[in-house]
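The values are calculated or read from the model by the stated rules, or taken from the named source; none is laboratory data. In this text, all values refer to a predicted model and were calculated from it rather than measured experimentally. Cβ coordinates were reconstructed from backbone atoms using ideal geometry, including for glycine residues, and neighbour counts include every protein chain displayed. Just the protein is used for accessible areas: all its heavy atoms, side chains included, with ligands, DNA and RNA removed. Shrake-Rupley method; radii C 1.70, N 1.55, O 1.52, S 1.80 Å.
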Amino acid sequence: MRRKRFLLAVANHSVLIGVSALFMFPIIYMFFTAVQSNDQALTGSIWPHPFVWSNFKTVFDEINVWRYLWNTFLYAGLSTVGVVCSCVPVAYAFSRIDWRGRNIVFLLVLSTLMLPTQVTSIPLYILWAKQFHEWTGIQFIGTLKPLIIPSFFGDAFSIFLLRQFFLTIPKELTDAIRVDGGGHLQVLWRVIIPLAKPAIVAVALFNFIYAWNDFYGPLVYLASNQDAQTLSVALSSFRSLHHVDWNLTMAAALIFMLPVIVIFFLAQRVFIEGITLTGVKG
Amino acid sequence: MRLVLSPWIFGFVVFTAGPMLLSLYYSFTHYDLISSPRWIGLDNYRYMIGKLTLNGQPNQGDPYFGTAVRNTIWIIVVGLPLRIVFAIATAMLLTRPKRGVNGYRTLFFMPSMAPTVGASLVFVYLFNPVTGPINQFLGHLGINGPLWFFDPTWAKPALVVLGLWGIGDAIVLYLAGLLNVPRDLYEAISVEGANAWQRFRYVTFPMLTPVIFFTLIIGIIDGFQYFDQAYVSATTTGNGVGSPQNSLLFYSVWLYEQAFTYFHMGYAAAMAWILFIATMVLTAILLLTSRRWVHYGGGLS
């Protein structure tokens, strides 16, 4: 009996290790190709011989990686700050304050999740290029501004995720402060935000990674100005514009992915809880 | 109250509702960003389906609209069920061992967070017909691998594989769903002598239907907007957007080309609205039929 259980565990783990290897294979292969010589990268063999660590340096010489990293970081960082600052109060209003029409307006928030980006991206591009530009005299196209500014005015998915979490906070905790004569701001600051830290961190990390990875937005607004490009856009044209060498392309892709991989492993629990919160308890 | 909501209301009007109405208006115009929009009624929509008459002459219409629609339906109809099946199967594997589940879950989940641009570049390399490991592996088995991203028949299947690599978020959801199934349901059906398939069919599957429903809706919304992977892989192989032979010309890719390569803003806006309407209709159908097959209750709300 014990022997059977042991064999079953071995079988389960073998299958899972095999599946894990399949999932990790592209990343491992990308890494090994990134440190191969130009010639070896064309042979398709996996083990680098020799290890050409200078490929990373070559990528930094070839394109202005620091600038793209900085642009990507600015977009991801500032839009994350914007989303957190704008969505926490709105989620509070949708979960803790009773007002007429709340459910209808919340449905409106949810329905914008269904709205394809393409519907709004065309008129928004025109607005940033024409009207907003004429009214303010500021140049928007070719800068990060059209990508960052809207995040300061709320984001449907983040409002939804935060609201779901705020609803799980017992009402007695917030009522106590209300009875003592505290305003909504006090409730938000002293009860909701401290207790909802995991959800707020999840929203921040999801947004940071979403913006870091975002391709469509930067492609629409930044394709015309190379100096403002994020890594996603710069990388998408890297192979055709700068180099045909796959080892350098993989090295560049690795530089792009590494921050995401590191953030993911440091905070994987937050991501998994965030996904579960929005998906199952919807 | 108003103070709390006012930034969001401003953002909703300026960045969502306003642009929506504007794009509806543009869809009835000819607009190239240089001269001002010119009202042309339903002509963009007629051009889309090839029913346009220009100066008394029938116009053949958009030659690639049908291609883009077919490619998009293909990637959803083939890709989405595979995603769901693989995600459920992997999640079920994860419920078996007593230890180490979190470690495996982390590894499975990670690729779904990877940037689509980076992932697409890697997969174009993995699927290289000559040097890529996938065809080399097939070669060892004595199979002459296809040209993948260089063959119109095999380019979309390669993208489906790329999509399967990123099912980690769905795996996490299904695993959470599976762990929520009450133990006594399995015990009850086992007492009645049910086999493994019957346990899946009458307990696991019904209990997972809310998650399946959720991943279906998200999958359809994302599928209609399928862009990054198709755009990057087609341009990386060096033959341009949509290549090979327009087999990767998906709806959103063609829409992007119309808007930001040819600056046919009016026509692109019309395409965007058709996309929006299709999304809403399909979501509504799913919602209406959900009562028949989605089981709520028993730990899942």
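List of remarks:
- Region B:229-251-region A:254-278 distance, computed between alpha-carbon centres (Å): 29
- Nearby lysines by direct alpha-carbon distance to residue A:145 (threshold 20 angstrom, same-chain neighbours under 8 apart not counted): A:130
- Chain B - mean residue ellipticity at 222 nm from DSSP helices (-39,500 (n - 2.57) per run, n ≥ 4, rounded to 500): -19000 deg cm²/dmol
- Candidate lysines for bridging to residue A:197, where Cα separation is under 24 Å - those fewer than 8 sequence places away on the same chain excluded: A:171, A:281
- Applied to region B:42-53, the Karplus parametrisation 6.51 cos²θ - 1.76 cosθ + 1.60 on θ = phi - 60° returns per-residue 3J(HN,Hα) values of 8, 4, 4, 5, 5, 4, 4, 9, x, 10, 8, 10 Hz, with x for Gly and Pro.
- Remark: C-alpha extents of chain A on the principal axes read 77, 72, 30 Å, sorted largest to smallest.
- Shape analysis of the protein assembly as shown based on the Cα gyration tensor places the equivalent ellipsoid semi-axes at 36, 35, 26 Å, largest first.
- Charge dipole magnitude, Cβ of K and R +1, D and E -1 - region A:166-227, Cα centre, debye nearest 20: 200
- Average projection, convex hull of the Cα set of chain B: 22.9 square nanometres.
- Ordered from highest to lowest accessible area with the whole protein assembly present and a 1.4 Å probe, A:62, B:257 read as A:62, B:257.
- Take each residue in B:10-22, count the other chain C-beta atoms within 10 Å of its C-beta, and the mean is 6.
- Within the listed set A:104, A:148, A:261, the residue fluctuating most in the Gaussian network model of chain A (springs between alpha-carbon atoms under 10 angstrom) is A:104.
- Across chain A, C-alpha contacts under 8 Å between residues 6 or more apart give a mean separation that, scaled by the residue count, equals a relative contact order of 30 percent.
- Among A:177-185, B:124-132, B:136-144, B:9-17, the order from most to least packed when residues are scored by Cβ within 10 Å on average: B:124-132, B:9-17, A:177-185, B:136-144
- Placing pseudo-labels 7 Å out from each Cα toward the beta carbon at residue A:17 and residue B:190 gives an inter-label distance of 2.7 nm.
- Here's how it looks for residue B:29: its modeled amide H is under 5 Å from those of B:40, which are all 5 or more places away or on a different chain.
- Residue-wise HN-Hα coupling along region B:120-136, computed from phi with Karplus coefficients 6.51, -1.76, 1.60 (Hz; x: Gly, Pro): 5, 4, 4, 6, 4, 6, 4, 8, 4, x, 9, 9, x, x, 5, 6, 5
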